[in-house]
2 protein chains.
Amino acid sequence: MSDTPRDRLNRLHQVLRERICLLDYPPGTRLSEEALAAEFGTSRTPLRRALARLEDEGLVSSVHGVGTLVTDVDIGEMTRTYEFRRELAGLVGRLTPAPITPDIIAQARHFEQCATQLRHAPDAREFARLNMEFFHFGTSLTENEALRDTSERLYYKTARIWLKSIPRMDLSAEVAIFADEIRDIRAALESGDTMGAALIRQAHISMCFARLHAQA
Amino acid sequence: MSDTPRDRLNRLHQVLRERICLLDYPPGTRLSEEALAAEFGTSRTPLRRALARLEDEGLVSSVHGVGTLVTDVDIGEMTRTYEFRRELAGLVGRLTPAPITPDIIAQARHFEQCATQLRHAPDAREFARLNMEFFHFGTSLTENEALRDTSERLYYKTARIWLKSIPRMDLSAEVAIFADEIRDIRAALESGDTMGAALIRQAHISMCFARLHAQA
DNA sequence: AATGGACCAGTTGTACACAAATTTGCCCCC
DNA sequence: GGGGGCAAATTTGTGTACAACTGGTCCATT
């Protein structure tokens, strides 16, 4: 396969985004363009393009003469973003839902297995990663590109706040809830009910935020 | 006021976006980085950052060795984007609606005046510009930043398709419908009903797309 | 005449050097 | 001892030269 400049940009962007959202770079971290460029074996120019995209997405903030800082979301904006995400989750079931293929069912079952394993060995980071993958699976249930892109964009904006609060919460309980959500969604999809699956997700986003808010 | 690099970037981005959406650069136009840089009295570097943002928003597409081309949206994606926009318009009334200040009422009345003037001298380009400004006004009725940003992003993605279809439609009739919409929304806001205003917008987005689809 | 290849003009992508801006630490002065 | 200011170090922003790539043209060959 060819490796176009765009592919390289997307990889850079994806890697940095994941590091930010998994708190490898906690809020307030100062990212060095030069150091990152050296790490990825490139010059500052392509790296800056990836950082520019992250800045447009609100994950970092570059200030002339100071540095590129990983942002922190204030509680008010996060609340409103979560409300928005909740509504978007419902739309996934209503706007051009994707046909439920055997592959989708297989993926759902795979996630159910992973969640079961996670219950036996809870781990915050692995939990976050699985949550991220399952979110992508959820957005793939609609064929509406704009809805998908928007949902993912907002997910990555709130993901790290969630992971940041995990230490103050009951990890085992959260994993159990997550496993139940996956099981219910798998069941809904097996009966051909995309709308039902979307409503379950919507409910869980709402409740997840409520638990999060109770800790803050 | 100071003129930070970010201000310059935002201006560049805004100007180019407006040119694309008002069809000064119709779909397929090849933009020259060097020519634009010369026009704005800067080098390619800052200009490329603005183009990169436009590319992330889906308004242009840069191809190595070929050029930066203004994109054209296919009918299927536009349909789905319009459906999404319709739902977002409804959310403006439900998610943290902004308090209705006298300033908002004044703005609404101003738009009503502008629309009345436009009825006496219909002009496609001026229509498009007023429509754009009124859209921004509409998103300002919610305090949910994410909803506002998303709505605007999607508006600009579909705006030029609408303007492109105007020549095949009855301009006077469209202006009249627009003027009625503004009047109804102004009335709803004067009676303190943000939700009502949002529902009117939702209805008009839906009907606008239906008329658009009938022409295609 | 058709076809293949090499060259050429033009464009975006990358690297690097330098400018602009901010922070920090130090020194000097009061 | 404290405060102001200056300069150096560090960082992002900008300009520019060059590399990589594409599309078209022209010419040679079959």
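The values are calculated or read from the model by the stated rules, or taken from the named source; none is laboratory data. Bear in mind the structure is a predicted one, so any value in this text is a computation, not a measurement. Note: ideal-geometry Cβ built from the backbone for every residue, glycine included; neighbour counts use all protein chains shown. Calculation scope for accessible area: heavy atoms of the full protein, side chains included, ligands and nucleic acids excluded. Shrake-Rupley method; radii C 1.70, N 1.55, O 1.52, S 1.80 Å.
Per-structure values
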read-out	value
Number of the condition not met by residue A:72 [criteria: (1) touching a residue at least 24 places away in the same chain (Cβ under 8 Å); (2) within 12 Å of chain B (Cβ to nearest Cβ); (3) among the charged types (D, E, K, R)]	(2)
Residue list for segment A:29-42, restricted to those being more than 9 Å from DNA strand D (Cβ to nearest atom) and open to solvent by 60 Å² or more (accessible area, probe 1.4 Å)	A:38, A:39, A:40, A:41
Qualifying residues in segment B:136-184 (those that are away from chain A (no Cβ under 14 Å) and free of Cβ contacts under 8 Å to residues at least 12 places away in the same chain) - the one farthest from residue B:75 (Cα to Cα)	B:180
Residues of segment B:89-119 classified as aliphatic (A, V, I, L, M), more than 9 Å from chain A (Cβ to nearest Cβ) and either open to solvent by 70 Å² or more (accessible area, probe 1.4 Å) or within 30 Å of residue A:85 (Cα to Cα) (or both), total	7
Residue pairs meeting the criteria (Cβ under 8 Å; at least 6 apart or on separate chains; first more than 16 Å from residue A:195 (Cα to Cα), in segment A:81-107; second among the acidic types (Asp, Glu))	A:81/B:145
Filter result for residue A:45 (open to solvent by 30 Å² or more (accessible area, probe 1.4 Å), hydroxyl-bearing (Ser, Thr, Tyr), outside the structural domain of residue A:133 (by TED's automatic domain parsing) and in contact with a strand residue (DSSP E or B) (Cβ under 9 Å, 6 or more places away or on another chain))	no
Segment A:1-12: number of residues that are outside any helix (DSSP H, G or I) and touching a Phe, Trp or Tyr at 6+ places or on another chain (Cβ under 9 Å)	0
Leading residue by the ranking (surrounded by the fewest Cβ atoms within 10 Å (Cβ to Cβ)) among those in segment B:52-67 that are more than 18 Å from the chain's Cα centre (by Cα) and within 13 Å of another protein chain (Cβ to nearest Cβ)	B:65
Scan of segment A:13-28 for residues that are surrounded by fewer than 18 Cβ atoms within 10 Å (Cβ to Cβ) and either within 21 Å of residue A:46 (Cβ to Cβ) or among the aliphatic types (A, V, I, L, M) (or both), ordered by number	A:14, A:15, A:18, A:19, A:22, A:24
Selection from segment A:13-28 of residues that are farther than 13 Å from residue A:128 by Cβ, part of a helix (DSSP H, G or I) and either within 15 Å of DNA strand D (Cβ to nearest atom) or assigned by TED's automatic domain parsing to the domain that holds residue A:160 (or both)	A:16
